[in-house]
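Down below is the structure, laid out as structure tokens.
The values are calculated or read from the model by the stated rules, or taken from the named source; none is laboratory data. None of these values were measured; they are calculated from a predicted model. Methodologically, a virtual Cβ is constructed for each residue, glycine included, from the backbone with ideal geometry; neighbour enumeration extends over all protein chains shown.
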Amino acid sequence: MFVVNIFLYIILLNFVISSPQINLHLTDEVNHNRSDIVFQHDCLYVLASTEKQNIHQVLSYCLTEYSSQWNIEENNFDQKLTFYQLYQQNITSQQLYNWSAPMDIVERYQFYLNHFSNLNQSSFITTQLFYNCTLPRFGPLCQYSLDINVSNDLSLNEIIYKFYQNLYDPINLTCYIHLECNRGSISMCLDWTEICDGIIDCYNGIDEVSCEHIQFNDCEENEYQCANGQCISKIFFRDDSNSSECLDRTDEIWKGMRKNNFLSFDISGEPTFTMEDIICPKRHNSFNAKLTSSCIHKRSKILEELLLNDNTIEVSNDCWIAAKCQLRIYDRLDPQCHIRNSTKTYIEIINETCPDI
């Protein structure tokens, strides 16, 4: 019997140590009429992987839609306890934290314990409910679960790290919505990296308005000037090859990348500053026309496909072929750009047949 008890204890201890702890932040309901451009709630705060040296970042994963838009069914499966019932069982706020309770509930329960003697036991805070969720469920009402197939013996950090080892392979464009940009097609939109990158992407040029304030910036003596004109403190210059402060990454020497050779690449790994807050200027790619300054290689491919299949642009066939050939975004199997009967350059054909370009 003693051996059986020890065995069960070891199993339980392993479950407690190995089970993912998931504490949501910002779970309290707020006024749905607030005017925030982006409202974030029910957030996970996770340390970035330490696989790369000197990376000290906390990543936030948040919802941006109001929970009132969802149909959350009443939870009759998991145990639920009022704060008063928790108090009667001598449960501490640390225990709630260890049990993956949302941080708002953990902090409110600690407030309840601190002021217990002065509280009316019929007050709202006394009857506040804590749902003791059963894995894989978590959240204030146990309404969430991770939509990925993972083992319960992984920590939350390990789960997220493993998820992001999959190659990012988008099938649609993400769009910067705070500038109205007409790129000549309703299928194409602006990316944040294409703002102030030295190339006009919108017909009205709004993506390059007032950018000279950045490009012709006068940096202070204790600052380093990035190639794009951005100023950063000199203490960050060449301080960590895994993390750049310049958006164009000119403050660091990147392994496997020659100076001023900023080609896009396939993205895998957690969305750290190193992977997300960077640009790959298209002006540095002289071999093939690069339609975006995004470092996500697939975005350029999607833009090419949209251009190749877009029939909404009203131009002549000669103009369309010359433009695609000049930009080198033609279908590689299309012989039109390889067989030329004209002695004119593509630029000359564009000037003659594309009056609006």
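Somewhere in the range 231-248, is a residue over 30 Å from K162 (Cα atoms), in a loop (DSSP other than H, G, I, E, B) and at pLDDT 90 or above? Within the range 231-248 (the criterion being over 30 Å from K162 (Cα atoms), in a loop (DSSP other than H, G, I, E, B) and at pLDDT 90 or above), the answer is yes, since at least one residue qualifies. Every test in (1) within 30 Å of S93 (Cβ to Cβ); (2) in contact with a helix residue (DSSP H, G or I) (Cβ under 9 Å, 6 or more places away or on another chain); (3) of a type in the set (G, A, S) is passed by S122 save one, and that test is (2).
Within this structure, I214 passes the test of being outside any loop (DSSP other than H, G, I, E, B), β-branched (V, I, T) and modelled with pLDDT under 90.
Can we say Y164 is in contact with a Lys or Arg (Cβ under 8 Å, 6 or more places away or on another chain) and in contact (Cβ under 8 Å) with a residue 12 or more places away in the chain? Here the answer is no, as Y164 does not meet what is asked.
Against the test of being over 35 Å from the mean Cα position of the chain (by Cα) and surrounded by fewer than 12 Cβ atoms within 10 Å (Cβ to Cβ), the options N166, N114, N149 yield a single qualifying residue, N114. How about the range 119-131: which of its residues are surrounded by fewer than 16 Cβ atoms within 10 Å (Cβ to Cβ) and touching a residue at least 40 places away in the same chain (Cβ under 8 Å)? Listed by number, the residues that qualify are T127, L129. Can D169 be described as in contact with a Ser or Thr (Cβ under 6 Å, 6 or more places away or on another chain), part of a loop (DSSP other than H, G, I, E, B) and touching a residue at least 40 places away in the same chain (Cβ under 8 Å)? Taking the combined requirement at face value, the residue does not satisfy it. Would a scan of the range 175-182 turn up a residue that is assigned to a loop (DSSP other than H, G, I, E, B) and surrounded by 18 or more Cβ atoms within 10 Å (Cβ to Cβ)? Yes, the range 175-182 contains a residue that is assigned to a loop (DSSP other than H, G, I, E, B) and surrounded by 18 or more Cβ atoms within 10 Å (Cβ to Cβ). Screening the candidates I267, I200 for the property of being part of a loop (DSSP other than H, G, I, E, B), within 25 Å of I296 (Cβ to Cβ), modelled with pLDDT of 85 or more and not acidic (D, E) yields one hit, I200.
So which of E65, E29 ends up being under 19 Å from the mean Cα position of the chain (by Cα), of a type in the set (D, E) and modelled with pLDDT under 90?
On the way: E29 fails: under 19 Å from the mean Cα position of the chain (by Cα).
Of E65, E29, the one residue that is under 19 Å from the mean Cα position of the chain (by Cα), of a type in the set (D, E) and modelled with pLDDT under 90 is E65.
Of all residues in the range 291-303, those that are part of a helix (DSSP H, G or I) have Cβ atoms under 6 Å from Cβ atoms of residues that are of a type in the set (D, E, K, R) and crowded, with 21+ Cβ neighbours inside 10 Å, 6 or more apart or on another chain, in S300/K290.
Give the number of residues within the range 81-107 that are under 34 Å from the mean Cα position of the chain (by Cα) and surrounded by 12 or more Cβ atoms within 10 Å (Cβ to Cβ).
Start the filter on the range 81-107 by keeping residues that are under 34 Å from the mean Cα position of the chain (by Cα), which leaves 93-107.
Subset that is surrounded by 12 or more Cβ atoms within 10 Å (Cβ to Cβ): 93, 95-107.
Here the count works out to 14.
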